[in-house]
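*Asks:* My questions will all concern the structure given below.
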Amino acid sequence: MKLRYAVILILVVAGAAAFWRVSQARSEPPSVTFVKAKRETIESTLATNGKVEPIEWAVAHAPRSGSVARILVAKGAQVKKGDPLVEIDSSDAAAEKSSAESRIAQVKTELDVLNQGGKKADHTEIDNALGKAKLELQNAQVVLDSLKRLQAKQAATSAEVTEAQARVDHARLEIQALEQRRSSLVAATDKAAAEARLHEAEASAKLAETRLAMSVVRSPIDGTVYQFDLRPGAYLNAGDAVASVGKLERVHVTVYVDEPDLGKVAKGKPVTISWDALPGQKWQGKVDRAASQIVTLGARQVGEVVCWIDNPKRNLLPGTNVNAEILSETAENVITLPKEAVQHKGAEAGVFLLDVNKLVWKPVTLGVGNTTRTQIPELREGDAVALAGDRVLKDGDLVVPKF
């Protein structure tokens, strides 16, 4: 029984102590974090997104149809005008050229023979026959002349003379026939036909060379290959786009500015570009052209502001979606606070100043601001201002300041 009373007494004392501590804590002023207003230069920026486009560019097209045999460059490569980008399969054109060159060589050999009067073997055969025929004519003529003298002396008969004359006539006819055969070794029509075959073969070779030259897709300008996704084996039709090449030392970025902010954007305003794919890198430029119309972009109504951006490493590629910050306003030597120090009572903006250990509400106007700080013209440098927290602050509250 005594033990029960002792336990109850202990619990009562502990509860009373806890109540006293809570009461004391409630009566103590709350601890509140303060910051001091400072003087600085503040810049207001519009943060949005945009898309990179080349200022000067050209597209390389396939000169003829065929499958891709070789890829000679990669996306991002630097090329000169005329550099090869892709080879289209040219095995058929190479075979046509080889065949045409063989025909050209063959026909030229034929023409050489024709220009020399025919084949050497044929000439040799006819010349040998002519020599034999002329010798026979000479011998036959000697015999005829001898028989004619003998006939005059009545030592030879008329039949013998006639027979000898026939041998002379036959030899002459044979010589005439051989000479005609030699002159007919090369006919005008033979040479014309050979020349026609030569022209045809040369035309085929030229056509094959043209097709071979058209099998290489070349860069249309100096620049960077920024759009290129072909693979070996892909089929191209004549005129198909193969790659886009642009001069990327300076590019355009079309920046999408929300309609209410367009009045803060003017030509010449500085622009900073970042790209999530290359963290830590920044590109600088300026607004080149203000928006000329309002367009719908998803759920936004925006103006398309064109900016030029320096791209010395040429690593900001066209078609890329980027982040953009446009410097819209600059205020120098002004008083600023972190944005979380500004609080609102309805439509009124204000701050809680520290007066010894008491809060004093002060209405303020907001000047130039960025993502973290804002200009407050009504404050003085060094003024202590409460930061908004979980506790609801009121004018006149006593506080324990923390800095």
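Computed from the coordinates by the stated procedures, all read-outs in this text should not be read as laboratory data. Computed from a predicted structure; not experimentally measured. With ideal geometry, Cβ positions are generated from the backbone for all residues, glycine too; neighbour counts draw on all protein chains shown.
*Asks:* How would you rank 150-159, 59-68, highest first, on the average number of other Cβ atoms within 10 Å across their residues?
*Replies:* Numbers: 150-159: 10.7, 59-68: 17.4.
Listed from highest to lowest mean packing, they are 59-68, 150-159.
*Asks:* In addition: Please list, in chain and number order, the residues 5+ apart from Arg373 or on another chain whose amide H is under 5 Å from its amide H, with Hs placed from the backbone.
*Replies:* Those lying under 5 Å, H to H, from Arg373 are Lys339.
*Asks:* Further question: Straight-line reach only, C-alpha to C-alpha below 27 angstrom: list the lysines that Lys108 could link to, leaving out same-chain residues fewer than 8 apart.
*Replies:* Leaving aside lysines fewer than 8 places away in the same chain, those within reach of Lys108 are Lys97, Lys119, Lys120, Lys191, Lys206.
*Asks:* Hey, another quick one. Tell me the angle of helix 188-213 to the major Cα principal axis of the chain, expressed in degrees between 0 and 90 and rounded to the nearest ten.
*Replies:* Roughly 10 degrees between the two axes.
*Asks:* Right, next: Which ³J(HN,Hα) values in Hz, rounded to whole numbers, follow from the phi angles of segment 217-230 under the Karplus curve 6.51 cos²θ - 1.76 cosθ + 1.60, where θ = phi - 60° and Gly and Pro get x?
*Replies:* 8, 10, 5, x, 8, 5, x, 10, 6, 10, 9, 6, 9, 6
*Asks:* Check His61: other-chain or 5+ apart residues with amide H under 5 Å from its amide H, H built from backbone geometry?
*Replies:* Residues meeting the amide H criterion: Val242.
*Asks:* In whole percent, what relative contact order does the chain give with Cα contacts below 8 Å and a gap of six or more residues? Don't skip to the end; give the middle numbers.
*Replies:* Numbers: 749 pairs, mean separation 120.4, N = 403.
Across the chain, relative contact order equals 30 percent.
*Asks:* Show me, for segment 243-258, the HN-Hα J-couplings you get by feeding each phi into the Karplus relation (A = 6.51, B = -1.76, C = 1.60, θ = phi - 60°), rounded to Hz, glycine and proline as x.
*Replies:* Listing the rounded values in order: 7, 10, 10, x, 8, 10, 4, 9, 10, 9, 10, 7, 9, 9, 9, 4 Hz.
*Asks:* Let me ask something additional. Is there a pair in Lys51/Lys267; Lys80/Lys286; Lys247/Lys269 whose C-alpha atoms are over 27 Å apart, and which pairs would that be? Working shown, then result.
*Replies:* Details: Lys51/Lys267 18 Å; Lys80/Lys286 29 Å; Lys247/Lys269 24 Å.
Cα-Cα > 27 Å for Lys80/Lys286; rest within.
*Asks:* Run the reach check for Lys36 against lysines, Cα to Cα strictly under 26 Å, same-chain hits fewer than 8 apart removed. What comes back?
*Replies:* Leaving aside lysines fewer than 8 places away in the same chain, those within reach of Lys36 are Lys339, Lys345, Lys358, Lys362, Lys394, Lys402.
*Asks:* If you don't mind, there's one more thing I want to ask. Taking every pair of alpha-carbon atoms in segment 224-300, what share in percent sits in each 5 Å bin, from 0 to the bin with the longest distance?
*Replies:* 3, 10, 15, 15, 15, 14, 11, 8, 5, 2, 0
*Asks:* With θ taken as phi - 60° and the coefficients 6.51, -1.76 and 1.60, list the Karplus ³J(HN,Hα) couplings across segment 139-155 in order, rounded to whole Hz; mark glycine and proline as x.
*Replies:* 5, 5, 5, 4, 4, 4, 4, 5, 5, 5, 5, 5, 5, 5, 9, 6, 9
*Asks:* With +1 on each Lys and Arg Cβ and -1 on each Asp and Glu Cβ, and nothing else charged, work out how big the dipole of the chain is about its Cα centre, in Debye to the nearest 20. Let's see the in-between values first.
*Replies:* Numbers: 53 positive and 51 negative charges, 304 e Å.
Once rounded to the nearest 20, the dipole reads 1460 debye.
*Asks:* Angle between the Cα long axis of helix 91-115 and the longest principal axis of the chain, 0 to 90 degrees, nearest 10?
*Replies:* Result, in degrees: 20.
*Asks:* Mind checking which aspartates and glutamates have their Cα closer than 13 Å to the Cα of Lys264? Skip sequence neighbours fewer than 8 apart in that chain.
*Replies:* Within reach: Glu43, Glu325, Glu329.
*Asks:* How far is helix 158-183 tilted off the main Cα axis of the chain, in degrees rounded to 10, range 0 to 90?
*Replies:* Between helix and principal axis, roughly 10 degrees.
*Asks:* May I ask you to work out the translational diffusion coefficient for the chain at 20 °C, viscosity 1.002 mPa s, via Stokes-Einstein with Rh from the Kirkwood sum over Cα pairs, reported in whole µm²/s?
*Replies:* Values: Rh = 33.0 Å.
Approximately 65 µm²/s, per Stokes-Einstein.
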